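The values are calculated or read from the model by the stated rules, or taken from the named source; none is laboratory data. None of the values given here were measured: they were computed from a predicted structure. Every residue, glycine among them, receives a Cβ derived from its backbone with ideal geometry; neighbour counts consider all protein chains shown.
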Amino acid sequence: MTNPNSSEKQTPPANQQPEIPKQYSFLWLSAAIFLVFMWLQDSSTPKLQELAYSEFKTAVTNDQVSEVTLKEDHITGLLRNQGLVSSNTDNASQSSSPGFSTTRPPMDDPELLTLLEAHDVTIRARSAGLEWWQELIRGFLPWILILALMYWFWGSAQKRMAQGGGMFDYGRSKARRSVKETSTTTLDDVAGIESAKREVAEIIDFLKSPDKYRALGASMPKGILLVGPPGTGKTLLARAIAGEADVPFFSISASEFIEMFVGVGASRVRDLFASARKEAPALIFIDELDAIGRSRGAGFGGGHDEREQTLNQILTEMDGFESHENILVLAATNRPDVLDSALLRPGRFDRKVTLDLPHRNARDAILAVHVRKVPLAADVDLDQLAARTIGFSGADLKNLVNEAALTAARENLSEVTDHCFELARDRIVLGEKRDAQLSQEERKIVAHHESGHAIMAYYMPKADPLTRLTIIPHGMAMGVTEQTPKEDRYNYSESYLRDRIKVMLGGRSAEKIIYGEVTTGAQNDLKEATKLVRKMIGQWGMSEKIGPMGLSIGDEHVFLGREMGSQREFSDKMAELIDAEIQSELMALEKATIDFLTDHRSQLEALAKAALEKENLSAEDIENVLHEEAARKTA
């Protein structure tokens, strides 16, 4: 019986020629090219007439030599325009070569230089040349380098061909493949999005044991769309899936499909899905889907631009999934409003998982994940820290922990204290302190401006609680009045919004009361107040004159192509009415703010004086100043 694992050489059939290895073929080709180059170089070298030394001296005597070059015992030169007859048998015929060479005898000829000078022969001299082996290296080394470079390119091309690419493999997908063993992120590292984790855990279980679901007639969704603001954990959740799943995981950014060549995006989509089908069950993750998934017909390229061709190919590939293939497409975006409706229909992205900004308990859990490797001091209370970080996303909280650790390192601390977290939060929320050299007059203006904000925030019943006041420049602001909500808000009342706008207008109103004019410091306040009033009137129906109408106006998140391609939803007369109502509302709120601050002018000036003295005032400091001034005035 023949051993299938035997190492004996198998004799090829008689009619079959043994295959020549590719590297040997290349060596034969290289040798042939080298010989051709050497032959061309040799053929291009001019031939010199060989003369005996006596013939050379006779030619000099007959004025037939115009120039000689002396190099040790070897002499070369140029003849004048006439030929020279040699006594040598090989050179007996008339020669028309202008060049010659000869060899000087071992014995020196002292009369040679005198003879050459007497017959006006140009004399040149060269130093001793390189050794024979050095000349050999100098002649062969360039060719060796050229052949080595050609061999490297040849090997690279063969390797790329073996991988299925080739020199122009632009059409291949750039997706990164990962498996459980290469990913260290798991679902335990994802906190604050429990509902999304349950959705994903079900999908992972389906991939691991599909028969359990098929027995009940269930089929796996083709796609899951992760939707949420930036920093809420969409990509982190995808990495956790890669760490949990026992299946191949292909991840790619949507922008990587687009290349400078037409059709490359569609080709990469085909290659990505073909690779996933070969290794099914598998997961495909496409980050920033809106880069290629925007509504078709909304751009400038019509229906034939590269982005829309890539989107069409994705739709086609997702339609081609069979129920037994077990391929799931995950995609992430923070702009679901601009996605093409064909992507969102059932059968493509069947599920939409929303990841919102984390609430207080979720922030506490996220902080607990990020401080695992951080040595915390005893005064750090994560629950209180979570309460002070309303509006922070998961990425913001990770950055907060990192900034606190950097602060502790700068101060040479062995543990991260609560003060480090406070400084890190200030750096994120307010910006880094600036060394702006303000004049005394400018400091007074900033102090009164911020005091106007603080008094309105303190007294308005619906306003968020006041946290502190500072006239130290932070970021782009010359001063800051900080408010911190007591709890997360998901719904805003009309009274809350009006009080919030009054707080925004408090700084400008204080400048009017104290100085009789306003400065440029209220630019951002006016911008935010106008934007908020516009939404109240146009979108939230908080105007008696406009009524309960929801109009798409002033939306800064509208996609450029869609905004340019759509018509306005209201008439010019309605637009004028909206503008007039916005102006009227802002002026009414400003008047109410000015009237209120006028009644509390003594407190305004007292608070500004305290701000100039201390530069930083906490909520307790502000309350003490206001109470003391109110008591002094009543007394």
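G506 fails exactly one of the following numbered conditions: (1) more than 36 Å from the chain's Cα centre (by Cα); (2) at pLDDT below 90; (3) over 19 Å from G391 (Cβ atoms). What is the number of that condition?
With (1) more than 36 Å from the chain's Cα centre (by Cα); (2) at pLDDT below 90; (3) over 19 Å from G391 (Cβ atoms) applied to G506, the lone miss is (2).
Looking at segment 371-397, which of its residues are within 16 Å of L430 (Cα to Cα), in contact with an Asp or Glu (Cβ under 9 Å, 6 or more places away or on another chain) and not aliphatic (A, V, I, L, M)?
Of everything in segment 371-397, those that are within 16 Å of L430 (Cα to Cα), in contact with an Asp or Glu (Cβ under 9 Å, 6 or more places away or on another chain) and not aliphatic (A, V, I, L, M) turn out to be R388, T389, G391.
At least 1 residues that are of a type in the set (D, E), out of contact with any helix residue (DSSP H, G or I) (no Cβ under 9 Å at 6 or more places or on another chain) and closer than 18 Å to L617 by Cα in each: list the helices (runs of 4 or more DSSP H) lying fully within segment 393-485 that qualify.
In segment 393-485, 418-429 are the helices (runs of 4 or more DSSP H) which contain 1 or more residues that are of a type in the set (D, E), out of contact with any helix residue (DSSP H, G or I) (no Cβ under 9 Å at 6 or more places or on another chain) and closer than 18 Å to L617 by Cα.
Sort out which residues of segment 526-544 are touching a residue at least 24 places away in the same chain (Cβ under 8 Å), farther than 12 Å from L586 by Cα and part of a helix (DSSP H, G or I), and write them in order of number.
G538
Sort through H453, H370 and tell me the only one that's of a type outside the set (A, V, I, L, M) and within 27 Å of the chain's Cα centre (by Cα). Before the answer, list the steps.
Numbers: H453 fails: within 27 Å of the chain's Cα centre (by Cα).
Only one candidate qualifies: H370.
Take L430 and decide whether it is of a type outside the set (S, T, Y) and without any contact (Cβ under 8 Å) to a residue 40 or more places away in the chain.
Working: of a type outside the set (S, T, Y): yes; without any contact (Cβ under 8 Å) to a residue 40 or more places away in the chain: no.
When the stated conditions are applied, L430 does not pass them.
Only one of these conditions is not met by R348: (1) closer than 25 Å to A276 by Cα; (2) part of a helix (DSSP H, G or I). Which number is it?
(2)
Under the condition of being at pLDDT 80 or above, polar (S, T, N, Q) and farther than 18 Å from S251 by Cα, which residue from segment 317-357 is surrounded by the most Cβ atoms within 10 Å (Cβ to Cβ)?
Restricting to residues being at pLDDT 80 or above, polar (S, T, N, Q) and farther than 18 Å from S251 by Cα, the top hit is T354.
How many residues does segment 463-492 contain that are in contact with an Asp or Glu (Cβ under 6 Å, 6 or more places away or on another chain) and under 27 Å from E442 (Cα atoms)?
Selection size over segment 463-492: 8.
Could you please find all residues in segment 598-624 being among the aliphatic types (A, V, I, L, M) and over 14 Å from A447 (Cβ atoms)?
A619 - this is the single residue of segment 598-624 that is among the aliphatic types (A, V, I, L, M) and over 14 Å from A447 (Cβ atoms).
Out of all the residues in segment 198-237, which are within 21 Å of I314 (Cβ to Cβ), among the hydrophobic types (A, V, I, L, M, F, W, C) and in a loop (DSSP other than H, G, I, E, B)?
Of everything in segment 198-237, just one residue is within 21 Å of I314 (Cβ to Cβ), among the hydrophobic types (A, V, I, L, M, F, W, C) and in a loop (DSSP other than H, G, I, E, B), namely M220.
Considering only segment 433-470, state which residues are charged (D, E, K, R), assigned by TED's automatic domain parsing to the domain that holds D525 and under 29 Å from V374 (Cβ atoms).
If the condition is that a residue be charged (D, E, K, R), assigned by TED's automatic domain parsing to the domain that holds D525 and under 29 Å from V374 (Cβ atoms), then R468 is the only one that fits.
Among the numbered criteria (1) modelled with pLDDT of 75 or more; (2) assigned to a helix (DSSP H, G or I); (3) surrounded by 16 or more Cβ atoms within 10 Å (Cβ to Cβ), which single criterion is violated by A274?
Among (1) modelled with pLDDT of 75 or more; (2) assigned to a helix (DSSP H, G or I); (3) surrounded by 16 or more Cβ atoms within 10 Å (Cβ to Cβ), A274 violates only (3).
Would you pick out the residues in segment 361-386 that are exposed (fewer than 14 other Cβ atoms within 10 Å of the Cβ) and of a type in the set (K, R)?
R372, K373
Tell me the residue from S295, S267 that is farther than 30 Å from L397 by Cα, surrounded by 17 or more Cβ atoms within 10 Å (Cβ to Cβ) and at pLDDT below 75, please.
Just a single option satisfies the conditions, and that option is S267.
Just the residues that are under 18 Å from Q483 (Cβ atoms) and either surrounded by 14 or more Cβ atoms within 10 Å (Cβ to Cβ) or among the hydrophobic types (A, V, I, L, M, F, W, C) (or both), please, taken from segment 605-626.
Residues satisfying the conditions are L607, A611, L617, S618, A619, D621, I622, V625, L626.
Scanning for something without any contact (Cβ under 8 Å) to a residue 40 or more places away in the chain and among the small types (G, A, S), does segment 218-241 turn up at least one residue?
Within segment 218-241, one or more residues are without any contact (Cβ under 8 Å) to a residue 40 or more places away in the chain and among the small types (G, A, S).
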